[in-house]
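The structure appears right after this line, and notes come after that.
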Amino acid sequence: MNQAAGPHGAAELPSVIVDSYNLELRNQEGFIGDRASKRAFAEIIEDWRQRLRRVDDDPLGDVSSDEISKKKFEELLLKGAPEVAGLIHGAIEDFANELALVIRKFLRTKGWQDTERVVIGGGFRDSRVGELAIGRATVLLKAEGTAIDLVPVRHHPDDAGLLGAAHLMPVWTLAGHDAILAVDIGGTNIRAGIVVLNHKKFADLSKAQVHKAELWRHADDAPGRKQTVEKLLTMLKTLLSSANSEKLKIAPFIGVGCPGIIKPSGAIERGGQNLPGGNWESSKFNLANVLKKSIPTIGDHETMIVIHNDAVVQGLSEAPFMQDISRWGVATIGTGLGNARFTNRTHSKRGDI
């Protein structure tokens, strides 16, 4: 591999064709996907609390709805007073209806027609409350006659956002190497990690694992774009140093998941509004070029950077496990609702690349 930049945001990937991603459906109130985000769940909880306050004390006390953690919600659901558990159940039901509505809208678009399964990822999925909402939305869709399964992403969402990067390149290009560097840039966190491929025995990358990772919650620091990129580069260089110490042979490849529509050049066309400090969509800024300039080589080879939408990358972590169907999608519940729809290459009429 000696290319300076890859086919960023490509529709044709080694194992799938990306039929649609970053679908931005709107109504009079704004983006429809926002109705099934983490923020939306907090707003639903708050709405229930306000209605209860009109007649009695708030069963959740004085704490702000958006400050209650996923772990706390789960604890209250399982062990809290019946009224508190009932409030959370009501919020789960309302959120499940919103999620079902959004999936229903997606399925009506050309790019999502004939979808057989939707993987639900993102931070909200990593909780019992999230799992119940996913299950309830599946029941609601099937009850109305929509034959589709919504399934939680099998890996921890933080890991899935890194593991999918291994599917951005053909496996043969990674031959002779143990692992790759992967990056997941989100509206709250940035995560960078070493993904061990285990591809000698499992060519489909079904046994790839996150060997080591660095997590930075940039939302706590409110950095500018320059500081954000500098921190990311520090994280990547620390991981490279660690890999060298462990004698892991890192492929000269960095896979990056990032919100928004990604141009072939690696620039963000739109959808980067939740990224920290500064205009990530500026015509004068190209993340791939910045990373390449700072890390020009890995080992004895020129570094190759490939950037794609973060929901696409998280969805790709499921590719080895979706071979029983032809068309499937992903929806990531986080700061917003990321989304992508795939057709497996083995089922595609367009043939292999």
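Annotation: of all residues in segment 222-240 being of a type in the set (Ser, Thr, Tyr) and over 11 Å from residue 194 (Cα atoms), the one that is surrounded by the most Cβ atoms within 10 Å (Cβ to Cβ) is 228.
Based on this model, can you work out whether residue 36 counts as in contact with a strand residue (DSSP E or B) (Cβ under 6 Å, 6 or more places away or on another chain), without any contact (Cβ under 8 Å) to a residue 40 or more places away in the chain and not polar (S, T, N, Q)? Spell out the reasoning first.
On the way: in contact with a strand residue (DSSP E or B) (Cβ under 6 Å, 6 or more places away or on another chain): yes; without any contact (Cβ under 8 Å) to a residue 40 or more places away in the chain: no; not polar (S, T, N, Q): yes.
It is false that residue 36 is in contact with a strand residue (DSSP E or B) (Cβ under 6 Å, 6 or more places away or on another chain), without any contact (Cβ under 8 Å) to a residue 40 or more places away in the chain and not polar (S, T, N, Q).
Per the conditions (1) hydrophobic (A, V, I, L, M, F, W, C); (2) crowded, with 22+ Cβ neighbours inside 10 Å; (3) within 29 Å of residue 322 (Cα to Cα); (4) free of Cβ contacts under 8 Å to residues at least 60 places away in the same chain, the sole criterion not satisfied by residue 107 is (2). The residue of segment 325-347 that is nearest to residue 11 (Cα to Cα), among those that are surrounded by fewer than 22 Cβ atoms within 10 Å (Cβ to Cβ), modelled with pLDDT of 95 or more and not hydroxyl-bearing (Ser, Thr, Tyr), is 344. Being hydroxyl-bearing (Ser, Thr, Tyr), under 23 Å from residue 312 (Cβ atoms), free of Cβ contacts under 8 Å to residues at least 60 places away in the same chain and in a helix (DSSP H, G or I) holds for only one residue in 173, 228, and it is 228.
Here's the yes/no breakdown for (1) surrounded by fewer than 22 Cβ atoms within 10 Å (Cβ to Cβ); (2) outside the structural domain of residue 248 (by TED's automatic domain parsing); (3) among the charged types (D, E, K, R); (4) part of a loop (DSSP other than H, G, I, E, B):
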residue: 130; (1), (2), (3), (4): no, yes, no, no
residue: 137; (1), (2), (3), (4): no, yes, no, no
residue: 162; (1), (2), (3), (4): no, no, no, no
residue: 188; (1), (2), (3), (4): yes, no, no, yes
residue: 199; (1), (2), (3), (4): yes, no, no, yes
residue: 202; (1), (2), (3), (4): yes, no, no, yes
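Of all residues in segment 83-97, those that are under 14 Å from residue 73 (Cβ atoms) have Cβ atoms under 7 Å from Cβ atoms of residues that are of a type outside the set (Lys, Arg) and not in a helix (DSSP H, G or I), 6 or more apart or on another chain, in 84/59; 84/60; 87/59.
Answer with yes or no whether residue 181 is surrounded by 22 or more Cβ atoms within 10 Å (Cβ to Cβ) and under 27 Å from residue 227 (Cβ atoms). When the stated conditions are applied, residue 181 passes them.
For segment 245-259, check the following and say yes or no: at least one residue is exposed (fewer than 15 other Cβ atoms within 10 Å of the Cβ) and not in a loop (DSSP other than H, G, I, E, B). Reasoning before the result, please.
First, the residues of segment 245-259 that are exposed (fewer than 15 other Cβ atoms within 10 Å of the Cβ): 245-247, 249.
Right, trim to not in a loop (DSSP other than H, G, I, E, B) and you get 245.
Checked segment 245-259: at least one residue is exposed (fewer than 15 other Cβ atoms within 10 Å of the Cβ) and not in a loop (DSSP other than H, G, I, E, B).
Only one of the listed residues (183, 195, 210, 151) is touching a strand residue (DSSP E or B) at 6+ places or on another chain (Cβ under 7 Å), among the aliphatic types (A, V, I, L, M), farther than 15 Å from residue 257 by Cβ and part of a strand (DSSP E or B). That residue is 151. Scanning segment 272-324 for residues that are touching a residue at least 24 places away in the same chain (Cβ under 8 Å), closer than 16 Å to residue 9 by Cβ and touching an Asp or Glu at 6+ places or on another chain (Cβ under 8 Å) yields 310, 313, 314. Annotation note: of 115, 146, the sole residue that is in contact (Cβ under 8 Å) with a residue 40 or more places away in the chain, assigned to a loop (DSSP other than H, G, I, E, B) and surrounded by 20 or more Cβ atoms within 10 Å (Cβ to Cβ) is 115. When both residues are 6+ apart or on different chains and their Cβ atoms are under 9 Å apart, which pairs have a first residue that lies in segment 246-270 and is within 18 Å of residue 229 (Cα to Cα) and touching a residue at least 40 places away in the same chain (Cβ under 8 Å), and a second that is basic (Lys, Arg) and assigned to a strand (DSSP E or B)? Listed pairs, sorted by first residue: 260/270.
When residue 72 is tested against (1) more than 15 Å from residue 124 (Cα to Cα); (2) surrounded by 12 or more Cβ atoms within 10 Å (Cβ to Cβ); (3) without any contact (Cβ under 8 Å) to a residue 12 or more places away in the chain, just one condition goes unmet, and that condition is (1).
Scanning segment 294-305 for residues being charged (D, E, K, R) and either assigned to a loop (DSSP other than H, G, I, E, B) or within 17 Å of residue 238 (Cα to Cα) (or both) gives a total of 1.
The values are calculated or read from the model by the stated rules, or taken from the named source; none is laboratory data. As the structure is a computational prediction, the values presented were derived from the model and not from experiment. With ideal geometry, Cβ positions are generated from the backbone for all residues, glycine too; neighbour counts draw on all protein chains shown.
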